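Below you'll find the structure, written out as structure tokens, and then a few comments.
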Amino acid sequence: MKGFMAAFFVWTLISANRDGGQAWPTHTVCEDGSLKILYQSCDPLQDFGFSVEQCSKYLKPNLNIRFGIILREDIKELFLDINLLTKGASILSYSYPVCEEDLPRFSFCGRRKGEQIYYAGPANNRGFEIPEGEYQVLLKLYNEKHSMVACANATVISS
Ligand SMILES: *[C@@H]1O[C@H](CO)[C@@H](O)[C@H](O)[C@H]1NC(C)=O
């Protein structure tokens, strides 16, 4: 937890001092014998911190995650688009409502622009096994006005 927060603040600092045009650093979410997950922010304006409690291709339900970001937009409503590709071809597109006005699923729903979110808790996911292979995952978080809140591209290698 401490390490995560420290890393998050370092990224925040990098974000303040970075000169334009460069890609964000690649972060390792997880690396063990059979699973490797790397991600990079694809929001030109900021990086963010993300980690998972468990690193296994057998994803358990309600996996605990940690997520830190500074909001550049209000998130009365928040949606996550996931696009899964393998060898450049899309195999799955999926949209998940994270925060809806009538159904705020997480404690951070409704937070305002400029606030810092630090979430540590269950991801509300189903359990499943990540099939063997190498995947590219594009993740986009956006609000009810379709303004980008966060963007990431990740590489997942399951063996
Ligand atoms: C993110 O996308 C860029 C550009 O396509 C790519 O070079 C980079 O390797 C990707 N990063 C990860 C962690 O998948």
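The table for this structure:
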{"item": "Verdict on Arg72 being at pLDDT below 90 and away from the ligand (no atom under 16 Å from the Cβ)", "result": "no"}
{"item": "Residues located in the stretch 80-109, provided they are within 15 Å of Val156 (Cβ to Cβ) and of a type in the set (Lys, Arg)", "result": "Lys87"}
{"item": "In the stretch 149-159, the residues that are buried (at least 17 other Cβ atoms within 10 Å of the Cβ) and among the aliphatic types (A, V, I, L, M)", "result": "Val149, Ala150, Ala152, Ala154, Val156"}
{"item": "All positions within the stretch 104-159 that are within 18 Å of Thr86 (Cα to Cα), more than 16 Å from the ligand (Cβ to nearest atom) and in contact with a Lys or Arg (Cβ under 7 Å, 6 or more places away or on another chain)", "result": "Glu129"}
{"item": "Qualifying positions in the stretch 12-45 - more than 13 Å from the ligand (Cβ to nearest atom) and either modelled with pLDDT of 60 or more or in a strand (DSSP E or B) (or both)", "result": "Gly21, Asp32, Gly33, Ser34, Leu35, Leu45"}
{"item": "Matching residues in the stretch 130-145 - criterion: being in contact with a Phe, Trp or Tyr (Cβ under 9 Å, 6 or more places away or on another chain) and modelled with pLDDT of 95 or more", "result": "Val137, Leu139, Lys140, Leu141, Tyr142, Asn143, Glu144"}
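Yes/no matrix, rows are residues, columns are (1) touching a residue at least 60 places away in the same chain (Cβ under 8 Å); (2) surrounded by 14 or more Cβ atoms within 10 Å (Cβ to Cβ); (3) out of contact with any helix residue (DSSP H, G or I) (no Cβ under 6 Å at 6 or more places or on another chain):
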{"site": "Asp74", "(1), (2), (3)": "yes, yes, yes"}
{"site": "Leu78", "(1), (2), (3)": "yes, yes, yes"}
{"site": "Leu84", "(1), (2), (3)": "no, yes, yes"}
{"site": "Ser93", "(1), (2), (3)": "no, no, yes"}
{"site": "Glu101", "(1), (2), (3)": "no, no, yes"}
{"site": "Pro104", "(1), (2), (3)": "no, yes, yes"}
{"site": "Cys109", "(1), (2), (3)": "no, yes, yes"}
{"site": "Glu115", "(1), (2), (3)": "no, no, yes"}
{"site": "Ala123", "(1), (2), (3)": "yes, yes, yes"}
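The values are calculated or read from the model by the stated rules, or taken from the named source; none is laboratory data. Owing to the predicted nature of the structure, the values given are computational and were not obtained by experimental measurement. Quick reminder, even Gly has a Cβ in these numbers, built from the backbone with ideal geometry, and neighbours come from all protein chains shown.
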